[in-house]
């Protein structure tokens with residue numbers, strides 16, 4: 001080996017060693033810095049600004065005790081990676097806390113002090129078998145307050161940041177805001193009927209809606225009767241859910257609460273299927289009609305009309321759904337699957353919500369009264385129309401068959417800001433007239449001074465109105481399951497985050513909105529959806545044309561039959577040549593249109609499959625292709641430079 005070859009070998013070996021050392025140093029430094037590069041478009045693995053602000057404002061030490069079983073023989077493999085992810089996030093929390101966040105890690109082995117400490121903190125072991133239990137939870141403490149997350153479910157990984165940040169705010173806030181909830185629905189749960197229970201016919205106890213459970217962790221939640229004639233002035237927010245058969249007196253109480261500086265969120269409903277009596281045959285579409293709810297006096301004074309007899313049907317936001325097990329799915333334009341095209345992306349409440357399920361919603365119309373400003377939060381597409389609520393329950397296919405777009409967007413949720421004027425200028429309903437007997441009775445009673453009615457809000461008030469209440473029900477918003485003896489809940493869409501967002505924005509810490517909303521972000525294939533809608537238009541138009549031709553031909557046959565019978569020829573059921581000709585035309589039309597429909601379905605499927613395959617190959621081969629092209633380009637440039645030398 002000559003000197004040139006030796007030098008080349010030494011330089012190459014030295015270069016490899018230096019590169020190896022550099023890689024090791026970079027990994028060591030990066031490991032200590034805990035810096036992560038988040039390449040997701042939604043920045044799902046980067047702490048939100050809301051979390052950073054909350055951590056940056058800490059002025060008292062907060063301790064996080066993280067309990068995780070480290071025994072590899074016991075802990076499932078997917079849990080090990082999740083533990084590392086939790087530790088990375090906790091380290092990042094510590095960096096933004098200004099030194100006020102202390103993190104202590106424990107490995108609760110059986111019969112150890114760490115296991116006893118975990119139990120005292122409310123973190124209980126989850127049984128994997130008769131002998132083995134695993135711990136994966138944490139406790140957050142500040143002074144004498146402690147909030148526990150007993151089990152960190154890997155299925156809630158997207159909500160991990162929200163769970164941690166909310167727990168920190170719970171220990172740092174002295175007094176929780178007070179939220180009153182008024183509803184005709186059993187949102188706080190329902191006890192079984194004692195008499196029915198004795199007969200063995202009572203349904204099981206209904207738990208509170210998951211929304212209420214979540215609100216109770218962040219607020220002091222009070223139940224307000226639907227018959228209330230006054231609203232406590234210490235409520236920071238009043239939430240009204242499906243106020244079925246609400247009286248004028250209760251609306252007056254809400255009116256006065258709002259004018260006195262209160263805040264209101266109202267979930268109305270044109271077709272509350274949650275309040276529907278179950279049908280004996282299991283098909284609630286044919287059972288007793290669902291109830292409706294409105295705030296007619298209040299909305300009228302605000303210049304708003306709620307369409308409580310019709311629901312919004314939308315061809316763009318429709319999906320195929322099966323209401324009965326085993327039954328084929330049908331298109332249901334009355335059940336809206338909203339995507340960003342129907343969601344206000346500029347408002348803090350909805351800016352990070354990109355998928356919602358709104359079943360059988362009414363709509364808001366009208367122009368706000370003088371002094372009020374309206375912001376639309378949710379709306380239909382222009383491919384929508386209003387249909388009778390009764391028809392919406394029967395068949396979605398019938399709606400699609402007669403569908404005719406109104407070519408306008410209907411409001412499904414709105415916010416009103418400004419100075420509100422009373423809906424009751426004459427005072428409380430029923431207080432103006434009394435009988436002589438009532439006057440005599442009142443003379444015997446001690447009455448306090450009459451409180452004058454407020455006529456206008458002193459400061460700018462805020463009201464948020466939703467045209468549906470069903471979307472917050474558990475079946476439409478979450479999936480619940482029992483995991484290792486614990487109740488695990490997964491979000492199905494953005495329904496609950498949006499409901500929590502509006503409550504947070506009106507009464508709580510609005511910084512949690514940006515943390516919570518990212519957990520349900522989705523990126524639907526909107527191009528495929530638009531193709532399906534456009535094809536469905538042509539498909540449905542062709543069906544209507546076919547049925548119209550059938551009706552015309554059958555009418556002609558009936559006319560010929562009636563004419564022959566009137567002439568007394570007595571051959572009612574014998575087809576004449578004219579009738580045979582009409583029948584033959586009908587059959588030819590049916591055959592031709594059926595072939596056209598087959599071609600249309602085939603072309604639609606072909607276009608959708610082609611688009612899906614294109615997207616698939618772009619995802620699979622796109623990056624390797626770019627790298628290959630880049631490598632070839634670099635090789636050509638290098639070769640050109642070498643040749644030039």
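Quick notes
- Given their separation in residues at 0.36 nm each and the Cα-Cα distance between them, residue 91 and residue 309 gain 73.0 nm when the chain is fully extended.
- Working from label points 7 Å from Cα in the Cα-to-Cβ sense, the residue 585 to residue 206 distance is 5.7 nm.
- Reciprocal mean inverse distance between Cα atoms of the range 42-102 - Kirkwood radius, Å: 13.2
- FRET efficiency for residue 455 and residue 144, using Cβ-Cβ distance with R0 set to 41 Å, rounded to 0.05: 0.30
- Largest first, the extents of the alpha carbon coordinates of the range 11-174 on the three principal axes equal 62, 43, 30 Å.
- Look at 617, 302 and count the other Cβ atoms within 10 Å of each Cβ; fewest to most, that gives 617, 302.
- Pair residue 72, residue 57: separation of 7 Å Cα→Cβ label points (nm): 4.4
- Cα centroid of the range 139-180 to Cα centroid of the range 205-247, whole Å: 22
- Once the Cβ-Cβ distance of residue 107 and residue 322 is raised to the sixth power relative to R0 = 51 Å, the FRET efficiency obtained is 0.60.
- Rounded FRET efficiency, nearest 0.05, which uses the C-beta distance separating residue 260 from residue 391 and R0 of 60 Å: 0.90
- With neighbour counts taken as other beta-carbon atoms within 10 Å, the residues 67, 473 rank, fewest first, as 473, 67.
- Inter-probe distance in nm under a simple model that places probes 7 Å from Cα toward Cβ, at residue 27 and residue 633: 3.1
- Ranked by the mean number of other Cβ atoms within 10 Å of their residues, highest first, the peptides 212-225, 236-249 come out as 236-249, 212-225.
- Relative contact order, whole percent, for the range 11-174 stands at 23, derived from Cα pairs under 8 Å and 6 or more residues apart.
- Rounded if a/c under 1.5, otherwise prolate or oblate - the range 336-429, Cα gyration tensor axes: oblate
- Protection proxy ranking for 308-316, 174-182, using the average of other Cβ atoms within 10 Å per residue and placing the highest first: 308-316, 174-182.
- Here the peptides 138-144, 635-641 are ranked by packing, the mean other Cβ count within 10 Å, and the order with the highest first is 138-144, 635-641.
Only the coordinates and a few stated rules stand behind these numbers; no lab work does. All of these numbers come straight from a predicted model, not from anything done at the bench. FYI the Cβ positions are ideal-geometry reconstructions off the backbone, even for glycines, and counts take in every protein chain you see.
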